[in-house]
1. Might you let me know whether segment 173-182 holds any residue that is under 27 Å from Leu268 (Cα atoms), in the same structural domain as Leu259 (by TED's automatic domain parsing) and surrounded by fewer than 22 Cβ atoms within 10 Å (Cβ to Cβ)?
2. Out of Thr230, Thr299, which single residue is more than 30 Å from Ala115 (Cα to Cα) and among the hydroxyl-bearing types (Ser, Thr, Tyr)?
3. Does Ile126 satisfy the criteria of being part of a helix (DSSP H, G or I) and touching a helix residue (DSSP H, G or I) at 6+ places or on another chain (Cβ under 8 Å)?
4. Can you pull out the residues in segment 111-129 that are surrounded by fewer than 22 Cβ atoms within 10 Å (Cβ to Cβ) and in contact (Cβ under 8 Å) with a residue 12 or more places away in the chain?
5. Consider Ser282 against the criteria (1) in contact with a helix residue (DSSP H, G or I) (Cβ under 6 Å, 6 or more places away or on another chain); (2) of a type outside the set (Lys, Arg); (3) surrounded by fewer than 22 Cβ atoms within 10 Å (Cβ to Cβ): it satisfies all of them except one. Which criterion is unmet?
6. Could you give every pair whose Cβ atoms fall below 7 Å, whose first residue belongs to segment 65-76 and is over 13 Å from Thr20 (Cβ atoms), and whose second residue is part of a helix (DSSP H, G or I), counting only separations of at least 6 or pairs across chains?
7. Select, from Val142, Val170, the only residue that is closer than 30 Å to Ala257 by Cα, in the same structural domain as Ser218 (by TED's automatic domain parsing), among the β-branched types (Val, Ile, Thr) and assigned to a helix (DSSP H, G or I).
8. Tell me, which residue of segment 218-247 that is closer than 17 Å to Ala143 by Cβ, part of a helix (DSSP H, G or I) and among the small types (Gly, Ala, Ser) is farthest from the chain's Cα centre (by Cα)?
Amino acid sequence: MFYFILRRLFSVVVTIFLITATTFALFFASPIDPARYTCGKNCTPIILEGNRKALGYDKPVLTQYTNFIGGLFVGREFPDNEELKASNPEQIVKCPAPCLGYSTAQHRTINEMVAEAWPISLSIAIGAFTLWILIGVGGGIVAGLNKGRWPDRTIVGAALIGFSLPTFFVGLVLLTFVAIKWGLVPIPSYVPFFENPLGWAANLILPWITLAFFFAASYVRLTRAYMIETLSEDYIRTAKAKGVAKWAVIFRHGLRAVLTPIVTAAGLDLGGLLGGAIITESVFSLHGLGYLAVHSVTTSDLPTIVAMVMIVSSFIVIANMLVDVAYGFIDPRVKVA
(Lines give C-alpha, C1' and ligand atoms only; values in the text may rest on other atoms or scores of the structure.)
Protein backbone atom coordinates (compact mmCIF):
# COMPACT_ATOMS: atom_id res chain seq x y z
CA MET A 1 0.00 0.00 0.00
CA PHE A 2 2.92 2.34 0.77
CA TYR A 3 4.37 2.03 -2.75
CA PHE A 4 0.88 2.40 -4.21
CA ILE A 5 0.47 5.76 -2.45
CA LEU A 6 4.03 6.78 -3.36
CA ARG A 7 3.35 6.18 -7.06
CA ARG A 8 0.18 8.23 -6.87
CA LEU A 9 2.00 11.10 -5.12
CA PHE A 10 4.66 11.11 -7.82
CA SER A 11 2.02 11.23 -10.55
CA VAL A 12 0.31 14.15 -8.76
CA VAL A 13 3.55 16.15 -8.63
CA VAL A 14 4.26 15.51 -12.32
CA THR A 15 0.70 16.37 -13.34
CA ILE A 16 0.62 19.63 -11.37
CA PHE A 17 4.01 20.60 -12.83
CA LEU A 18 2.72 20.01 -16.36
CA ILE A 19 -0.44 22.00 -15.61
CA THR A 20 1.53 24.98 -14.29
CA ALA A 21 3.93 24.88 -17.24
CA THR A 22 1.11 24.67 -19.80
CA THR A 23 -0.95 27.40 -18.13
CA PHE A 24 2.02 29.72 -17.80
CA ALA A 25 3.01 29.17 -21.44
CA LEU A 26 -0.53 29.83 -22.70
CA PHE A 27 -0.75 33.21 -20.96
CA PHE A 28 2.82 34.49 -20.89
CA ALA A 29 4.37 32.97 -24.02
CA SER A 30 1.57 34.14 -26.31
CA PRO A 31 2.15 36.89 -28.92
CA ILE A 32 0.14 39.35 -26.77
CA ASP A 33 2.24 41.35 -24.31
CA PRO A 34 0.98 40.37 -20.81
CA ALA A 35 1.86 43.87 -19.55
CA ARG A 36 -1.04 45.26 -21.60
CA TYR A 37 -3.46 43.71 -19.12
CA THR A 38 -1.98 45.68 -16.22
CA CYS A 39 -2.99 49.28 -16.86
CA GLY A 40 -6.43 49.38 -18.47
CA LYS A 41 -7.51 51.71 -21.28
CA ASN A 42 -5.31 54.65 -20.23
CA CYS A 43 -2.11 52.72 -20.75
CA THR A 44 0.75 54.88 -22.05
CA PRO A 45 4.06 53.49 -23.35
CA ILE A 46 5.82 54.81 -20.21
CA ILE A 47 3.36 53.12 -17.82
CA LEU A 48 3.47 49.95 -19.91
CA GLU A 49 7.25 49.78 -19.75
CA GLY A 50 7.23 50.47 -16.01
CA ASN A 51 4.74 47.69 -15.34
CA ARG A 52 6.65 45.32 -17.58
CA LYS A 53 9.82 45.85 -15.53
CA ALA A 54 8.05 45.82 -12.16
CA LEU A 55 6.40 42.45 -12.83
CA GLY A 56 9.39 40.89 -14.59
CA TYR A 57 7.62 40.60 -17.94
CA ASP A 58 10.71 41.99 -19.67
CA LYS A 59 12.60 38.79 -18.86
CA PRO A 60 12.60 35.61 -21.00
CA VAL A 61 9.55 33.40 -20.49
CA LEU A 62 11.67 30.57 -19.07
CA THR A 63 13.13 32.96 -16.47
CA GLN A 64 9.64 34.18 -15.57
CA TYR A 65 8.47 30.59 -15.10
CA THR A 66 11.54 29.73 -13.00
CA ASN A 67 10.84 32.74 -10.78
CA PHE A 68 7.19 31.70 -10.49
CA ILE A 69 8.11 28.15 -9.42
CA GLY A 70 10.77 29.50 -7.07
CA GLY A 71 8.16 31.73 -5.45
CA LEU A 72 6.04 28.70 -4.66
CA PHE A 73 8.89 27.29 -2.55
CA VAL A 74 10.82 30.28 -1.18
CA GLY A 75 8.56 33.28 -1.81
CA ARG A 76 9.14 36.40 -3.93
CA GLU A 77 9.39 40.16 -3.77
CA PHE A 78 7.66 42.67 -6.01
CA PRO A 79 8.63 44.64 -8.03
CA ASP A 80 10.57 41.86 -9.70
CA ASN A 81 13.37 44.18 -10.76
CA GLU A 82 16.54 44.94 -8.80
CA GLU A 83 16.84 48.55 -10.03
CA LEU A 84 13.28 49.37 -8.98
CA LYS A 85 13.83 47.71 -5.60
CA ALA A 86 16.95 49.78 -5.01
CA SER A 87 15.28 53.06 -6.02
CA ASN A 88 12.03 52.44 -4.09
CA PRO A 89 12.82 50.14 -1.14
CA GLU A 90 9.71 51.32 0.75
CA GLN A 91 7.44 50.02 -2.02
CA ILE A 92 8.74 46.46 -1.94
CA VAL A 93 5.94 43.94 -1.43
CA LYS A 94 6.96 40.62 0.12
CA CYS A 95 5.03 37.54 -0.91
CA PRO A 96 5.78 34.53 1.32
CA ALA A 97 5.85 30.96 0.05
CA PRO A 98 3.84 29.56 -1.58
CA CYS A 99 3.72 32.83 -3.53
CA LEU A 100 1.08 32.75 -6.26
CA GLY A 101 1.95 36.15 -7.66
CA TYR A 102 0.95 39.80 -7.43
CA SER A 103 -2.33 41.26 -8.71
CA THR A 104 -1.87 44.59 -10.48
CA ALA A 105 -5.65 45.06 -10.56
CA GLN A 106 -6.04 44.72 -6.78
CA HIS A 107 -2.53 45.91 -5.82
CA ARG A 108 -2.24 42.95 -3.46
CA THR A 109 -0.56 39.58 -3.43
CA ILE A 110 -2.75 36.76 -4.71
CA ASN A 111 -1.98 34.91 -1.48
CA GLU A 112 -3.93 37.54 0.47
CA MET A 113 -6.94 37.30 -1.83
CA VAL A 114 -6.95 33.49 -1.76
CA ALA A 115 -6.61 33.51 2.04
CA GLU A 116 -9.80 35.59 2.26
CA ALA A 117 -11.76 33.57 -0.31
CA TRP A 118 -10.59 30.04 0.56
CA PRO A 119 -12.49 29.62 3.89
CA ILE A 120 -15.75 30.60 2.18
CA SER A 121 -15.39 28.08 -0.64
CA LEU A 122 -14.22 25.39 1.79
CA SER A 123 -17.23 25.98 4.05
CA ILE A 124 -19.66 25.82 1.13
CA ALA A 125 -18.04 22.68 -0.30
CA ILE A 126 -17.87 20.73 2.97
CA GLY A 127 -21.46 21.50 4.01
CA ALA A 128 -22.94 20.80 0.57
CA PHE A 129 -20.86 17.63 0.20
CA THR A 130 -22.12 16.26 3.51
CA LEU A 131 -25.74 16.95 2.60
CA TRP A 132 -25.65 15.51 -0.90
CA ILE A 133 -23.84 12.33 0.22
CA LEU A 134 -26.35 11.68 3.02
CA ILE A 135 -29.38 12.44 0.84
CA GLY A 136 -28.08 11.04 -2.44
CA VAL A 137 -26.56 7.78 -1.21
CA GLY A 138 -29.29 7.20 1.39
CA GLY A 139 -32.04 7.88 -1.14
CA GLY A 140 -30.36 5.65 -3.72
CA ILE A 141 -30.14 2.75 -1.27
CA VAL A 142 -33.82 3.08 -0.35
CA ALA A 143 -34.82 3.31 -4.02
CA GLY A 144 -32.69 0.30 -4.95
CA LEU A 145 -34.14 -1.84 -2.17
CA ASN A 146 -37.68 -0.90 -3.23
CA LYS A 147 -37.29 -1.27 -6.99
CA GLY A 148 -40.57 -0.69 -8.82
CA ARG A 149 -42.52 0.30 -5.71
CA TRP A 150 -43.76 3.73 -4.65
CA PRO A 151 -40.64 4.71 -2.60
CA ASP A 152 -38.53 4.00 -5.67
CA ARG A 153 -40.78 6.01 -7.98
CA THR A 154 -41.03 8.91 -5.52
CA ILE A 155 -37.29 9.17 -4.94
CA VAL A 156 -36.39 8.81 -8.63
CA GLY A 157 -39.02 11.39 -9.58
CA ALA A 158 -37.69 13.87 -7.02
CA ALA A 159 -34.14 13.20 -8.28
CA LEU A 160 -35.23 13.91 -11.84
CA ILE A 161 -36.71 17.25 -10.77
CA GLY A 162 -33.57 18.12 -8.81
CA PHE A 163 -31.33 17.24 -11.73
CA SER A 164 -33.44 19.30 -14.15
CA LEU A 165 -33.50 22.56 -12.19
CA PRO A 166 -30.39 24.75 -12.59
CA THR A 167 -28.59 25.84 -9.44
CA PHE A 168 -29.12 29.55 -10.07
CA PHE A 169 -32.92 29.00 -10.17
CA VAL A 170 -32.96 26.96 -6.95
CA GLY A 171 -30.66 29.45 -5.27
CA LEU A 172 -32.77 32.46 -6.27
CA VAL A 173 -35.99 30.76 -5.09
CA LEU A 174 -34.46 29.90 -1.72
CA LEU A 175 -32.95 33.35 -1.32
CA THR A 176 -36.14 35.19 -2.31
CA PHE A 177 -38.64 33.22 -0.26
CA VAL A 178 -36.82 31.44 2.57
CA ALA A 179 -34.36 34.22 3.48
CA ILE A 180 -35.93 37.50 2.31
CA LYS A 181 -39.71 37.03 2.30
CA TRP A 182 -40.23 34.55 5.13
CA GLY A 183 -37.06 35.35 7.11
CA LEU A 184 -36.56 31.75 8.21
CA VAL A 185 -32.78 32.03 7.91
CA PRO A 186 -30.40 35.02 7.64
CA ILE A 187 -29.53 36.40 4.23
CA PRO A 188 -26.33 34.44 3.47
CA SER A 189 -23.05 36.02 4.49
CA TYR A 190 -19.88 34.39 5.70
CA VAL A 191 -19.35 34.03 9.44
CA PRO A 192 -16.09 32.27 10.47
CA PHE A 193 -16.76 28.85 11.98
CA PHE A 194 -14.59 29.36 15.05
CA GLU A 195 -16.25 32.68 15.88
CA ASN A 196 -19.84 31.43 15.77
CA PRO A 197 -20.48 27.83 14.60
CA LEU A 198 -24.28 28.22 14.67
CA GLY A 199 -24.11 31.51 12.75
CA TRP A 200 -21.72 29.88 10.27
CA ALA A 201 -24.21 27.08 9.56
CA ALA A 202 -27.30 29.34 9.54
CA ASN A 203 -25.74 31.70 6.99
CA LEU A 204 -24.58 28.93 4.67
CA ILE A 205 -27.53 26.54 4.85
CA LEU A 206 -29.15 27.94 1.68
CA PRO A 207 -25.98 27.57 -0.48
CA TRP A 208 -25.59 24.04 0.91
CA ILE A 209 -29.16 23.11 0.01
CA THR A 210 -28.80 24.67 -3.44
CA LEU A 211 -25.76 22.57 -4.31
CA ALA A 212 -26.99 19.45 -2.51
CA PHE A 213 -30.31 19.62 -4.40
CA PHE A 214 -28.44 19.31 -7.69
CA PHE A 215 -25.67 16.87 -6.76
CA ALA A 216 -27.85 14.59 -4.63
CA ALA A 217 -30.06 13.95 -7.66
CA SER A 218 -27.09 12.46 -9.53
CA TYR A 219 -26.04 10.34 -6.57
CA VAL A 220 -29.55 8.94 -6.08
CA ARG A 221 -29.59 7.67 -9.66
CA LEU A 222 -26.00 6.40 -9.49
CA THR A 223 -26.44 4.60 -6.15
CA ARG A 224 -29.79 3.11 -7.14
CA ALA A 225 -28.44 1.70 -10.41
CA TYR A 226 -25.38 0.09 -8.83
CA MET A 227 -27.35 -1.13 -5.81
CA ILE A 228 -29.85 -2.96 -8.04
CA GLU A 229 -27.03 -4.44 -10.10
CA THR A 230 -25.02 -5.54 -7.05
CA LEU A 231 -27.96 -7.13 -5.23
CA SER A 232 -28.54 -9.39 -8.25
CA GLU A 233 -25.00 -10.83 -8.11
CA ASP A 234 -24.41 -14.49 -7.27
CA TYR A 235 -22.43 -13.81 -4.09
CA ILE A 236 -25.32 -11.77 -2.69
CA ARG A 237 -27.75 -14.63 -3.33
CA THR A 238 -25.26 -17.01 -1.72
CA ALA A 239 -25.00 -14.79 1.38
CA LYS A 240 -28.79 -14.72 1.66
CA ALA A 241 -29.00 -18.51 1.23
CA LYS A 242 -26.49 -18.98 4.07
CA GLY A 243 -28.76 -16.98 6.37
CA VAL A 244 -26.63 -13.84 6.63
CA ALA A 245 -28.60 -11.01 8.24
CA LYS A 246 -30.34 -8.68 5.80
CA TRP A 247 -28.52 -5.57 7.08
CA ALA A 248 -25.17 -7.33 6.65
CA VAL A 249 -26.02 -8.33 3.08
CA ILE A 250 -27.02 -4.77 2.23
CA PHE A 251 -24.29 -2.78 3.97
CA ARG A 252 -21.34 -5.15 4.35
CA HIS A 253 -21.55 -6.85 0.96
CA GLY A 254 -23.80 -4.79 -1.27
CA LEU A 255 -22.92 -1.22 -0.31
CA ARG A 256 -19.18 -1.90 -0.25
CA ALA A 257 -19.29 -2.88 -3.91
CA VAL A 258 -21.39 0.20 -4.71
CA LEU A 259 -18.91 2.53 -3.01
CA THR A 260 -16.29 2.37 -5.77
CA PRO A 261 -18.20 4.42 -8.41
CA ILE A 262 -19.64 6.67 -5.68
CA VAL A 263 -16.19 7.48 -4.31
CA THR A 264 -14.99 8.24 -7.83
CA ALA A 265 -17.78 10.72 -8.50
CA ALA A 266 -17.66 12.21 -4.99
CA GLY A 267 -13.92 12.84 -5.05
CA LEU A 268 -13.95 14.61 -8.39
CA ASP A 269 -17.10 16.63 -7.56
CA LEU A 270 -15.65 17.75 -4.24
CA GLY A 271 -12.31 18.60 -5.84
CA GLY A 272 -14.03 20.79 -8.42
CA LEU A 273 -16.27 22.40 -5.82
CA LEU A 274 -13.30 23.31 -3.60
CA GLY A 275 -12.14 25.51 -6.46
CA GLY A 276 -15.29 27.60 -6.05
CA ALA A 277 -18.99 27.18 -6.82
CA ILE A 278 -19.14 30.06 -9.29
CA ILE A 279 -22.91 30.26 -9.84
CA THR A 280 -23.91 29.61 -6.23
CA GLU A 281 -21.41 32.10 -4.86
CA SER A 282 -22.65 34.72 -7.31
CA VAL A 283 -26.33 34.15 -6.43
CA PHE A 284 -25.69 34.52 -2.70
CA SER A 285 -22.99 37.22 -3.05
CA LEU A 286 -20.36 35.12 -1.30
CA HIS A 287 -16.83 36.11 -2.30
CA GLY A 288 -15.19 32.72 -2.46
CA LEU A 289 -12.72 31.31 -4.96
CA GLY A 290 -15.41 31.10 -7.64
CA TYR A 291 -16.16 34.80 -7.31
CA LEU A 292 -12.42 35.56 -7.32
CA ALA A 293 -11.97 33.58 -10.55
CA VAL A 294 -14.83 35.37 -12.31
CA HIS A 295 -13.66 38.78 -11.11
CA SER A 296 -10.11 38.12 -12.32
CA VAL A 297 -11.43 37.24 -15.78
CA THR A 298 -13.69 40.32 -16.05
CA THR A 299 -10.83 42.62 -14.98
CA SER A 300 -8.20 40.81 -17.14
CA ASP A 301 -6.15 40.17 -14.01
CA LEU A 302 -3.71 37.78 -15.68
CA PRO A 303 -1.62 36.70 -12.64
CA THR A 304 -4.78 35.88 -10.68
CA ILE A 305 -6.23 33.92 -13.62
CA VAL A 306 -3.07 31.81 -13.80
CA ALA A 307 -3.12 31.24 -10.04
CA MET A 308 -6.80 30.24 -10.05
CA VAL A 309 -6.28 27.76 -12.89
CA MET A 310 -3.44 26.20 -10.95
CA ILE A 311 -5.41 26.08 -7.69
CA VAL A 312 -8.53 24.51 -9.20
CA SER A 313 -6.48 22.02 -11.24
CA SER A 314 -4.48 21.05 -8.17
CA PHE A 315 -7.65 20.41 -6.18
CA ILE A 316 -8.98 18.08 -8.87
CA VAL A 317 -5.68 16.23 -9.27
CA ILE A 318 -5.27 15.77 -5.52
CA ALA A 319 -8.90 14.65 -5.18
CA ASN A 320 -8.27 12.09 -7.91
CA MET A 321 -5.25 10.81 -5.97
CA LEU A 322 -7.29 10.52 -2.77
CA VAL A 323 -9.92 8.56 -4.69
CA ASP A 324 -7.22 6.14 -5.89
CA VAL A 325 -5.99 5.71 -2.32
CA ALA A 326 -9.55 5.15 -1.10
CA TYR A 327 -9.87 2.37 -3.70
CA GLY A 328 -7.06 0.57 -1.92
CA PHE A 329 -9.11 0.37 1.27
CA ILE A 330 -12.44 -0.37 -0.42
CA ASP A 331 -11.12 -2.97 -2.86
CA PRO A 332 -7.86 -4.71 -1.80
CA ARG A 333 -7.24 -5.80 -5.41
CA VAL A 334 -6.36 -2.20 -6.28
CA LYS A 335 -3.27 -2.27 -4.05
CA VAL A 336 -1.34 -4.33 -6.57
CA ALA A 337 -2.50 -2.30 -9.56
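The values are calculated or read from the model by the stated rules, or taken from the named source; none is laboratory data. Just so it is clear, the model here is predicted, and its values are computed rather than measured. All Cβ positions, even for glycine, are placed from backbone atoms using ideal geometry, and neighbour counts span all protein chains on display.
1. Taking segment 173-182 as the starting set, the residues that turn out to be under 27 Å from Leu268 (Cα atoms) are 174.
Filter once more, keeping what is in the same structural domain as Leu259 (by TED's automatic domain parsing): 174.
This time we only want the ones that are surrounded by fewer than 22 Cβ atoms within 10 Å (Cβ to Cβ), so: none.
Scanning segment 173-182 turns up no residue that is under 27 Å from Leu268 (Cα atoms), in the same structural domain as Leu259 (by TED's automatic domain parsing) and surrounded by fewer than 22 Cβ atoms within 10 Å (Cβ to Cβ).
2. Details: Thr299 fails: more than 30 Å from Ala115 (Cα to Cα).
Among Thr230, Thr299, only Thr230 is more than 30 Å from Ala115 (Cα to Cα) and among the hydroxyl-bearing types (Ser, Thr, Tyr).
3. Values: part of a helix (DSSP H, G or I): yes; touching a helix residue (DSSP H, G or I) at 6+ places or on another chain (Cβ under 8 Å): no.
No: the conditions fail for Ile126.
4. The initial filter retains those residues of segment 111-129 that are surrounded by fewer than 22 Cβ atoms within 10 Å (Cβ to Cβ), namely 111-112, 114-116, 118-119, 122, 126-127, 129.
Passing the criteria: Asn111, Val114, Glu116, Trp118, Pro119, Leu122, Gly127, Phe129.
5. (1) is the only condition that Ser282 fails.
6. Correct list of pairs: Arg76/Asn67.
7. Every option except Val142 fails the conditions.
8. Selected residue: Ala225.
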